[in-house]
Every structure is written in structure tokens, then in C-alpha cells.
Amino acid sequence: MTKTLKINKNVEQGILELLRFLLDGGKVSGVFTLKRINKEGSVAYSLVTRSDELEDAVPLFPLMPVNAGKLLSRFSLRGKSNKPVAAVVKPCELRAFIELVKREQGSLENIFFISSTCGGVYPIEMAVDGAVENNLSKYWEAVKKGEIPAQIRPACRGCVEFKPYTADMTVDLVGSSDIDKRCMILLNTKNGEELAQDMKGDFLEKELDKKILDKFQNKREAERKKLFDEIEEKMKGLDGFIDIFGKCLGCHGCSKVCPICYCKLCEFESPDSEYKPSNYESDLKKRGGLKVPPGTVYFQIGRLDHIAISCVGCGACEDVCPVDIPISIIFKKVGESVQKLFDYIPGRDVKEEIPLLTFEKDELSEVED
Amino acid sequence: MKKDEEFMPRILAFLCNWCSYAGADLAGTSRLKYPPSILPIRVMCSSRVDPLFIVKAYLGGIDGVLLAGCHPGDCHYEKGNYYTRRRFALIKKIFEELDMEADRLLLSWISASEGPKYAKVATEFTEKIKKLGENPAKNKIFL
């Protein structure tokens, strides 16, 4: 059983009250959360230190403008935070941040994580025309019932990692029918308990409802299988890959938003990977034709090689793709199979080493000749 | 290539300086026979081979890639080949998942004294690639 804080308000109000309590009580110096920019539904991650600035904060808004793991990495890249900060993030954002910390791209110190069981987020294009705002009531209806909301990111539809692994506090959302009336926050860690201490509300012992979440998991798994099967149908060898990725513009937008792609100097953007006239000549001589810019397929397979082991399947890549390539599902599918090789779940535990940086002496005999 | 000519694959072999390259050398000095399909590249350690080299070679149209190093436990740098094995497993899995003829990739441990093994691996791998035929990437334009 986990110590749980119950606030008798609807879940969004409840979280805001907790955040205000943390700021006003001096328990944290800052809050990292989604905040409304305007009425059209644009939101952005913001760092807030004054509690009156929390008025238009929307911590649980179903949108991921940027993977917060990437933002928190930038926040703590040049040194740990000197003062305690509470960050409200989605489970995959937390996992992405853990993966970045493993790569020495950030520090967990002085950051407390509030996460939730996650119903998924809408694609970013829906934020632009206000569609998210119009769908909000439908979204929460579905989450309450433990169903998959319509129109969310494909990556979210098939996501089975909707429970946070290492959050200090977990908000009970999915399948929780009374989120209109009360806000249940599980205090998973000692830090979580200490933060919530003296907060107005009831403290009780509770667990997430396993039966409801298992049911939700089954729905997600079925959806995931459908998405994977569809992609497998198209992914038939090199021809299939070209069919899917041939229209890639080479904009590298997917790598720019990918939380795992952290290199400041990307190998695929270095002058070395730029084709010289002699490269064009030799390639053209061999093939009799060449896509321009060349190397988009190489880029995609290369990116798979670089990040598949740590792909958290957040779906940010697909969200920004201007030519609608189903990148996130392909990366998720390949990523999961690669991760399974090493029994690895990215972001599960900061102490687990990235499989490529370690080894067992006796393993993988199946790949040897 | 003329039609009646037999297809001779081109296989890129990354050989580590301390074991497999010496093994290949031994195969030569022992006058062992193996097909003229192998294009060797000497690397200081098999772990020097970035999996992207393999991807690049494959997309460039090479028919097969052989990656060879010291036996596990015998690495000149003590643990380089353990990392190689994980990286190779990763790239092979990616090829498998994309349904892209993972059989064209081979990892083998060949020590400096294993000239016959080198000749055997080279022969068998060449035969395997012959059965697979030419790399389809060779004539693809949209790469």
C-alpha cells in the first residue's frame, strides 16, 4: 500500500492546489508545468516561481508541445538545479529524462516528479486550431471510463507504458471515475511524502486499481498490435522501407524533437555526411539515378541504430513530420524488439546501464557464427 | 556481368588487427583456397566498427558484410569484442525487424592461428550470399 493524498476537489484543481501549497510553503522554489498561452488552446511548458502565475497552468493538459524530458535536460545540463523544483510530466517524458540523465545530459538532483497514469496526448496540429480545447470534455470522459480517447497520437494509442516508473507522486487518472470530485495522489517515495506533508486533505493507504488498469492495458495492447501489424504489412524489405521513407524530405525534424537524440553536432548534419561531387558521380555511375537530397534512408536507419535502444515511444517525431511518415510506430516497433534483446525498458531505473555501454561475458551466442 | 557468368558476391570484411587479420594472413600463407569475394578492411579492434559502417555498406550495394574479431575473452583490448557483439546484435535485429535480409550480415570470431577457419568462413559465407543473390540496394535510386 502506498500513502495517498486525497483532495476533495476535481483532479485539475487538486493538482493546482498541491502546486500552490508547495510553492507558498517554500517546499519547492519552482514548478515546471504546462501553462496556457492563449484561449485558442496553445500551451507551453513553463517554469513558475510565483503561485499567482499558476492561475492558467494546466498540468494535466493532454498535449506534449515538446517532450519535457528534453526540456528538463536543457534545464539541468550545465549543472544541477540549486533549488528544489516540482515538475509535472507525463510518464514517457519522465522516462526520456531518465535516459538523458544516463547520458549525462541532465541531473535528477533537486527535481521532484509528479506524474500520472496517462491517457495519451493529442497531436500538436490539434492545438493550433483549437481542436484540443473542443475535445477536452470528450477526452476526460474517455479517461474516466478507462477507454482510449479518440484522435490521440498513434504512439499514445498503442502505448502500454502509461504508468510512471520513478515519479515521486502519481496522480490516479485512468479509469478513475470520480476525478470530477476528488484528486488522488499516490506518494510513491519518501520525497513525495515529505512534500505533501501538512497539505490540506485526507491521507490514506491506497494502490492504483490493478483490475481497471489491466483492462486498460489490454485495450492498449490490442491497439498496439493493430498498429504494428499494419506497419509490418508495409514493411517488406528494402522496397517497403523506401515506400515508406522515400518521401522523407530530410528536414531532420524528427531528430530535432526526439528526446533521445541529444547530440549537439549530429553525425548526419556534419559536413562529412554531405555528398561531394565525386560521391554523386560514383553513386550515379552505379545506380543511374539518385534521390536528392541523398541519404534519407541512411539517416532513418542510422537514427534507428542510435536511439532504438532508448526510444520511449513518445511520438513527438511523427507529430512534426511534414510528410506524415508513421515514424513513431516504426521506431516503437523496432525499439521494443531491440530493447527486448537486453531485457531493457528505457527510463525504468536510472541505475540500469544503457545496454550498449555494458556487456555480459556469456550472452548472445545466437548472433555469433 | 554477363548472363552466363556465375555471380560472384562482393563481401566486405572488417578484420581486427590482432586476430582475424592475422588469421586471414595465415590462410593466405598456408595457401588455403577460398573464393575471391572478400574485400578486407583492417581495423584495430572489431569494436571500432560503427554499426553505421554496416548500414552504409549495405545501402551502397555490398552483397555481404563479415565482421570478425578475437574470440570472447581473447580481445587484445580485453573487452572490445564484447561491445562488438552487442552492437552487432542490435544492428542485426534492426535489419530483421525491417525485413531487410539480416542474413547478409555475419559476425565471426577468428583467432590468429585459425587460418583454416577463416578460409571456411569465407567459403561458406560466399556460398550463402550466392544463394541470396545480388543485394537489391545496388540498383535502388531512392536511398
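The values are calculated or read from the model by the stated rules, or taken from the named source; none is laboratory data. Since this is a predicted model, take the numbers as computed values, not measurements. Don't worry about glycine lacking a Cβ; one is built from the backbone with ideal geometry, like all the others, and counts go over all protein chains shown.
Overview of values
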quantity	calculated
Residues of the range B:103-143 satisfying the condition of being among the aromatic types (F, W, Y) and assigned to a helix (DSSP H, G or I)	B:Y118, B:F125
Qualifying position, being over 25 Å from A:C321 (Cα atoms) and outside the structural domain of A:A316 (by TED's automatic domain parsing), among A:P91, A:P59	A:P59
Matching strands (runs of 3 or more DSSP E) fully within the range A:1-113 where at least 1 residues are more than 23 Å from the chain's Cα centre (by Cα)	A:2-7
Positions within the range A:91-125 being closer than 20 Å to A:L186 by Cβ and acidic (D, E), in sequence order	A:E93
Leading residue by the ranking (farthest from B:R104 (Cα to Cα)) among those in the range B:59-70 that are facing chain A (nearest Cβ under 10 Å) and at pLDDT 95 or above	B:A68
From the options B:A57, B:A13, B:A24, residue that is assigned to a helix (DSSP H, G or I), under 29 Å from B:N139 (Cα atoms), touching a residue at least 24 places away in the same chain (Cβ under 8 Å) and of a type outside the set (D, E, K, R)	B:A57
Residues of the range A:268-281 satisfying the condition of being surrounded by 13 or more Cβ atoms within 10 Å (Cβ to Cβ) and either in a helix (DSSP H, G or I) or of a type in the set (S, T, N, Q) (or both)	A:F268, A:E269, A:S273, A:N279, A:Y280
Output for the range A:35-60, where each listed residue is within 25 Å of A:G347 (Cβ to Cβ) and in contact (Cβ under 8 Å) with a residue 40 or more places away in the chain	A:V43, A:A57, A:V58, A:P59, A:L60
Unmet requirement for A:G146, which otherwise passes all of (1) at negative phi; (2) touching a helix residue (DSSP H, G or I) at 6+ places or on another chain (Cβ under 8 Å)	(1)
Failed item in (1) under 30 Å from A:K163 (Cβ atoms); (2) surrounded by 15 or more Cβ atoms within 10 Å (Cβ to Cβ); (3) not basic (K, R), with A:F299 passing the rest	(1)
The range A:77-88, subset among the small types (G, A, S) and at pLDDT 95 or above, residue surrounded by the most Cβ atoms within 10 Å (Cβ to Cβ)	A:A87
So A:C258, is it surrounded by 15 or more Cβ atoms within 10 Å (Cβ to Cβ), more than 14 Å from every other protein chain (Cβ to nearest Cβ) and at pLDDT 95 or above	yes
Set A:G313, A:G335, A:G302: member being part of a loop (DSSP other than H, G, I, E, B) and in the same structural domain as A:M235 (by TED's automatic domain parsing)	A:G313
Where a residue in the range A:78-90 is on the phi > 0 side of the Ramachandran plot and its partner, wherever it lies, is surrounded by fewer than 24 Cβ atoms within 10 Å (Cβ to Cβ), with Cβ under 9 Å and at least six apart	A:G79/A:S107
B:M8, sole failed condition from (1) buried (at least 17 other Cβ atoms within 10 Å of the Cβ); (2) within 19 Å of B:A119 (Cα to Cα)	(1)
Members of the range B:96-116 that are under 20 Å from A:L356 (Cα atoms) and surrounded by 20 or more Cβ atoms within 10 Å (Cβ to Cβ)	B:E97, B:L105, B:L106, B:L107, B:S108, B:W109
Elements of type helices (runs of 4 or more DSSP H) contained in the range A:126-197, each with 1 or more residues being over 21 Å from the mean Cα position of the chain (by Cα) and within 25 Å of A:D24 (Cα to Cα)	A:190-196
Members of the range A:10-29 that are among the polar types (S, T, N, Q) and either under 20 Å from A:K144 (Cβ atoms) or free of Cβ contacts under 8 Å to residues at least 24 places away in the same chain (or both)	A:N10, A:Q13
Exclusive hit being in contact with a Pro (Cβ under 7 Å, 6 or more places away or on another chain) and either closer than 30 Å to B:S108 by Cβ or within 12 Å of chain B (Cβ to nearest Cβ) (or both), set A:I301, A:I354, A:I309	A:I309
Answer residue from the range A:220-254, given it is surrounded by 15 or more Cβ atoms within 10 Å (Cβ to Cβ) and away from chain B (no Cβ under 14 Å) and is nearest to the chain's Cα centre (by Cα) among those	A:C254
Single unsatisfied condition, B:D103 versus (1) more than 9 Å from chain A (Cβ to nearest Cβ); (2) under 20 Å from A:L304 (Cβ atoms); (3) touching a strand residue (DSSP E or B) at 6+ places or on another chain (Cβ under 6 Å)	(3)
